[in-house]
Amino acid sequence: MIKTVIFDLGRVIVPFDFQRGYQAMASRFGIAAEDIPLKLRPTGIVQQYESGSLETPAFVDRMGALLGISTSPEEFAGLWSVIFEPRTLIPDSLPESLRANGYRVLLLSNTNDLHFRFIQDNYPILRHFDDLVLSYQVGATKPAPAIYAAAIEKAGCDPGECFFTDDIEEYVEGAKKAGIDAVQFKEYEQLCEELLARGVRV
C-alpha cells in the first residue's frame, strides 16, 4: 500500500528550458548563446553546484570567470532562473488532494540554491508538500543511492510504500533499485492513472 508520493520537480511540476537562460545571458552580455553550454559542460560546474560542493557566491564568481562576464549576484540570480516557465505541469489540486487523503507528499529534486529560492518564491504549489529532498542540501544527486535513502527517511515508511515519478528514466531506475515503486512521468493524466492503478486516492 502506498503511503508516500514523491515528485520530481523539473519537467514534472515545473517545465524548464536551459536555452531560455542561455538566450537571456546572450542578450544581456553580447555573447553567443550556443557557446555557453560548451564552456560550462567540461567543467562540471553545474553538477558541483547541484551536489552542494560549490556554494552560491563561489558559483556566481566562477560562472562570471568562465563566461567572461561581470554581473551582480542579484542580476545573475534573475538570469539563471529565466529557464523556468510560469505554468505547472500538474495542478495544485493533486498534491493538495493527496495530503487531504492521508498521504505524505515529498519533493525529490536535483536542484541548486538559486533555482530553488526562485521556485519557492514563484510556485505556490510547494505549500502542499510535507517535506523536501534537495540534492544541494543532501550532498548527492540522482541517481546516487544516497539521495533516495534520504527520501525514504523523510517518507517515514518502507521503500515499497513509496511511489516516485520523474521525467528521466535513469532516475526512475535509481529509485527502483532503492526499492521504491517508480514510473517515468509523461503527463498529468498518465500520472493519475498510475496512482489510481495502485489504489492511491487522488
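The values are calculated or read from the model by the stated rules, or taken from the named source; none is laboratory data. As the structure is a computational prediction, the values presented were derived from the model and not from experiment. Methodologically, a virtual Cβ is constructed for each residue, glycine included, from the backbone with ideal geometry; neighbour enumeration extends over all protein chains shown. With ligands, DNA and RNA removed, areas are computed over all heavy atoms of the protein, side chains included. Shrake-Rupley method; radii C 1.70, N 1.55, O 1.52, S 1.80 Å.
Please pick out the residue among 141, 165 that is of a type in the set (Ser, Thr, Tyr) and either closer than 18 Å to residue 2 by Cα or exposed (fewer than 15 other Cβ atoms within 10 Å of the Cβ) (or both).
Among 141, 165, only 165 is of a type in the set (Ser, Thr, Tyr) and either closer than 18 Å to residue 2 by Cα or exposed (fewer than 15 other Cβ atoms within 10 Å of the Cβ) (or both).
Search segment 180-193 for residues being open to solvent by 40 Å² or more (accessible area, probe 1.4 Å) and closer than 23 Å to residue 147 by Cα, and hand back the single one that is farthest from the chain's Cα centre (by Cα).
This residue is 181.
Among the numbered criteria (1) surrounded by fewer than 16 Cβ atoms within 10 Å (Cβ to Cβ); (2) of a type in the set (Gly, Ala, Ser); (3) assigned to a loop (DSSP other than H, G, I, E, B); (4) at pLDDT 95 or above, which single criterion is violated by residue 65?
Unmet condition: (3).
Select, from 4, 43, 71, 56, the only residue that is modelled with pLDDT under 95 and open to solvent by less than 50 Å² (accessible area, probe 1.4 Å).
That would be 71, the only listed residue that is modelled with pLDDT under 95 and open to solvent by less than 50 Å² (accessible area, probe 1.4 Å).
For segment 117-129, indicate whether the set of residues that are in contact with a Lys or Arg (Cβ under 8 Å, 6 or more places away or on another chain) and either open to solvent by less than 60 Å² (accessible area, probe 1.4 Å) or at pLDDT 95 or above (or both) is non-empty.
There is at least one residue in segment 117-129 that is in contact with a Lys or Arg (Cβ under 8 Å, 6 or more places away or on another chain) and either open to solvent by less than 60 Å² (accessible area, probe 1.4 Å) or at pLDDT 95 or above (or both).
Hey, among 180, 125, 119, which residue is touching a Cys at 6+ places or on another chain (Cβ under 8 Å) and among the hydrophobic types (A, V, I, L, M, F, W, C)?
180
Taking segment 168-179 as the region of interest, how many residues are buried (at least 20 other Cβ atoms within 10 Å of the Cβ) and closer than 17 Å to residue 104 by Cβ?
Counting residues in segment 168-179 that are buried (at least 20 other Cβ atoms within 10 Å of the Cβ) and closer than 17 Å to residue 104 by Cβ gives 1.
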